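**Q** One structure coming up, written as structure tokens, with questions to follow.
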């Protein structure tokens with residue numbers, strides 16, 4: 001092909017060639033050339049690619065360039081107009097520069113960010129009411145929709161299995177938990193950053209033994225952290241494969257440490273999640289991130305999620321899985337910014353998590369049966385403290401148990417003495433203890 005038919009190499013292409021001179025003998029660009037490339041390219045993505053490619057060739061020149069008014073203004077523009085590109089790709093590279101002062105850079109960037117900053121006209125309520133706003137993409141009707149979802153549960157209680165089960169359901173187009181309808185099968189990306197291929201293969205075969213092909217279910221076993229360009233790479237993956245669901249198992253593997261090795265504060269966490277929110281606004285998909293729970297239990301189950309309140313505030317939806325070790329039943333607590341809190345009861349059977357009812361009603365009935373069995377087996381009056389210990393209720397559930405006992409007293413299932421102790425009634429035994437066990441007089 002003649003020279004006229006060849007595409008003109010971009011600045012980034014030439015820099016890539018220069019990185020391997022033995023391949024084509026390309027000479028590194030002069031500082032004047034690099035400066036021209038950086039100041040003349042109009043595209044943010046091309047600007048970042050050129051800067052990152054040139055950075056390892058001449059770090060000192062790049063350091064000088066960064067503090068020049070034109071380059072600093074351009075970095076500020078990238079931060080303002082393409083935050084995901086800045087935070088997920090450019091910022092990690094800048095942090096690796098020797099003696100780079102992160103705090104000073106951010107302070108000096110502020111005036112450039114404010115330069116020529118004007119507000120667009122505000123939207124009127126009339127325009128808002130008349131706007132055709134698309135409804136959120138539903139992955140499973142009434143259960144999961146587009147947005148950012150933080151899913152917590154104690155270690156070894158089944159949260160990874162649960163999410164893997166839902167991911168397969170979405171990829172093949174079947175209902176979630178055998179209850180929530182799936183309007184349309186969608187591609188899935190599962191970042192399995194803790195489990196290996198053998199474990200996931202075994203899990204998939206247990207969940208759906210007849211599954212032979214699932215080409216739209218993609219797995220990756222490693223991924224760069226947020227400080228190493230994760231958001232930018234994730235944006236490329238979503239644009240290429242059109243994922244409806246991206247699962248990060250677990251979030252801790254992608255988190256970036258706070259500057260100076262200190263503990264992350266509220267602003268650090270928000271800065272970490274902001275590029276992800278911007279990415280979600282560009283693509284209608286659900287980003288689900290798995291995390292652990294605190295060891296100390298709180299009154300509000302969502303306060304058990306590991307991390308500061310910023311972890312919760314940055315999400316659209318929170319899930320918490322509550323399950324005792326080796327128990328087949330579990331409760332999934334759901335807090336959605338656009339809906340009422342709900343709890344659903346699930347049962348693990350035949351490799352699946354299966355919906356069995358609304359959680360609060362099921363939980364009350366289950367706990368009532370537990371209390372009744374304890375009173376029937378002990379055959380004596382017991383205090384609230386003794387019942388809590390026998391039923392393994394945490395201290396945080398004292399108020400819940402007290403209300404439950406008063407309800408059972410009002411329904412004549414148990415009797416309360418003047419000393420505040422409780423015993424089973426004949427009616428309670430007949431209704432809540434299996435008939436083959438209650439034939440012994442109480």
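The values are calculated or read from the model by the stated rules, or taken from the named source; none is laboratory data. If you're wondering where the values come from, they're calculated on a predicted model, not measured in any experiment. As a convention, Cβ positions derive from the backbone with ideal geometry for all residues, glycine included, and neighbour counts pool all protein chains shown.
**Q** Of all residues in the range 186-200 being in a loop (DSSP other than H, G, I, E, B) and at pLDDT 95 or above, which is nearest to residue 138 (Cα to Cα)? Show your work before the answer.
**A** First pass over the range 186-200, keeping only residues in a loop (DSSP other than H, G, I, E, B): 186-187, 193-196.
If we keep only those that are at pLDDT 95 or above too, we end up with 186-187, 193.
On the way: 186: 11, 187: 14, 193: 26 Å.
Filtering first and then ranking leaves 186.
**Q** Examine the range 165-185 for a residue that is surrounded by fewer than 17 Cβ atoms within 10 Å (Cβ to Cβ) and not in a loop (DSSP other than H, G, I, E, B), and state whether such a residue exists.
**A** Looking for residues that are surrounded by fewer than 17 Cβ atoms within 10 Å (Cβ to Cβ) and not in a loop (DSSP other than H, G, I, E, B), one finds at least one in the range 165-185, hence yes.
**Q** Turning to a different aspect of this structure: Tell me whether the range 91-98 contains one or more residues that are outside any helix (DSSP H, G or I), modelled with pLDDT of 85 or more and surrounded by fewer than 20 Cβ atoms within 10 Å (Cβ to Cβ).
**A** Here is the first cut: in the range 91-98, the residues outside any helix (DSSP H, G or I) are 96-98.
Those still in the list that are modelled with pLDDT of 85 or more too: none.
Checking the range 91-98: not a single residue is outside any helix (DSSP H, G or I), modelled with pLDDT of 85 or more and surrounded by fewer than 20 Cβ atoms within 10 Å (Cβ to Cβ).
Okay, residues lined up against (1) surrounded by fewer than 20 Cβ atoms within 10 Å (Cβ to Cβ); (2) within 19 Å of the chain's Cα centre (by Cα):
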residue: 320; (1), (2): no, yes
residue: 341; (1), (2): yes, yes
residue: 345; (1), (2): no, no
residue: 351; (1), (2): yes, no
residue: 354; (1), (2): yes, no
residue: 357; (1), (2): yes, no
residue: 363; (1), (2): yes, no
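**Q** Within the range 325-335, which residues are in contact with a strand residue (DSSP E or B) (Cβ under 6 Å, 6 or more places away or on another chain) and surrounded by fewer than 18 Cβ atoms within 10 Å (Cβ to Cβ)? Walk me through how you get there before you give the answer.
**A** Here is the first cut: in the range 325-335, the ones in contact with a strand residue (DSSP E or B) (Cβ under 6 Å, 6 or more places away or on another chain) are 328-335.
Those that are in contact with a strand residue (DSSP E or B) (Cβ under 6 Å, 6 or more places away or on another chain) and surrounded by fewer than 18 Cβ atoms within 10 Å (Cβ to Cβ): 328, 329.
**Q** Let me ask something else about it. So for the range 364-381 (the condition being farther than 19 Å from residue 433 by Cβ and outside any strand (DSSP E or B)), does at least one residue qualify?
**A** Taking the range 364-381 first, the residues farther than 19 Å from residue 433 by Cβ are none.
Scanning the range 364-381, I find no residue that is farther than 19 Å from residue 433 by Cβ and outside any strand (DSSP E or B), so the answer is no.
**Q** Please verify whether the range 66-75 includes one or more residues that are under 23 Å from residue 281 (Cβ atoms), within 39 Å of the chain's Cα centre (by Cα), modelled with pLDDT of 80 or more and crowded, with 17+ Cβ neighbours inside 10 Å. Working first, answer last.
**A** Start the filter on the range 66-75 by keeping residues that are under 23 Å from residue 281 (Cβ atoms), which leaves 75.
Subset that is within 39 Å of the chain's Cα centre (by Cα): 75.
Within this subset, residues satisfying the condition of being modelled with pLDDT of 80 or more are 75.
Of the ones still in play, those that are also crowded, with 17+ Cβ neighbours inside 10 Å are 75.
Yes: one or more hits.
**Q** Another question, then. Is it the case that the range 169-185 has a residue that's assigned by TED's automatic domain parsing to the domain that holds residue 328, farther than 13 Å from residue 245 by Cα, touching a helix residue (DSSP H, G or I) at 6+ places or on another chain (Cβ under 7 Å) and at pLDDT below 95?
**A** No: the range 169-185 contains no residue that is assigned by TED's automatic domain parsing to the domain that holds residue 328, farther than 13 Å from residue 245 by Cα, touching a helix residue (DSSP H, G or I) at 6+ places or on another chain (Cβ under 7 Å) and at pLDDT below 95.
**Q** Here is a further query. Could you list all residues from the range 420-431 that are touching a residue at least 24 places away in the same chain (Cβ under 8 Å) and loosely packed, with under 15 Cβ neighbours inside 10 Å? Give the derivation first.
**A** Looking only at the range 420-431, we keep the residues that are touching a residue at least 24 places away in the same chain (Cβ under 8 Å), and these are 420-424, 428-429.
420, the sole residue that qualifies.
**Q** Looking at the range 111-134, can you tell me whether even one residue there is under 33 Å from the mean Cα position of the chain (by Cα), loosely packed, with under 14 Cβ neighbours inside 10 Å, at pLDDT below 85 and in a helix (DSSP H, G or I)?
**A** yes
**Q** Right, next: Which one is farthest from residue 233 (Cα to Cα), of the residues in the range 204-222 that are touching a residue at least 60 places away in the same chain (Cβ under 8 Å) and either touching a strand residue (DSSP E or B) at 6+ places or on another chain (Cβ under 8 Å) or part of a helix (DSSP H, G or I) (or both)?
**A** In this case the residue turns out to be 206.
**Q** Further question: Could you tell me which numbered condition residue 149 fails, if it satisfies all but one of (1) within 24 Å of residue 242 (Cα to Cα); (2) assigned to a strand (DSSP E or B); (3) in contact with a helix residue (DSSP H, G or I) (Cβ under 8 Å, 6 or more places away or on another chain)?
**A** Only one criterion is unmet by residue 149, namely (3).
**Q** Take the range 33-50 and flag every residue that is part of a loop (DSSP other than H, G, I, E, B) and surrounded by 14 or more Cβ atoms within 10 Å (Cβ to Cβ). Explain how you work it out, then say what you get.
**A** So the first thing to find is which residues in the range 33-50 are part of a loop (DSSP other than H, G, I, E, B), and the list is 41-43.
Across the range 33-50, the qualifying residue is only 41.
**Q** I would also like to ask the following. Go through the range 200-232 and give me each residue that's within 30 Å of residue 257 (Cβ to Cβ) and out of contact with any helix residue (DSSP H, G or I) (no Cβ under 8 Å at 6 or more places or on another chain). Full working, then the answer.
**A** Residues of the range 200-232 within 30 Å of residue 257 (Cβ to Cβ): 200, 218-232.
Those that are within 30 Å of residue 257 (Cβ to Cβ) and out of contact with any helix residue (DSSP H, G or I) (no Cβ under 8 Å at 6 or more places or on another chain): 220, 222.
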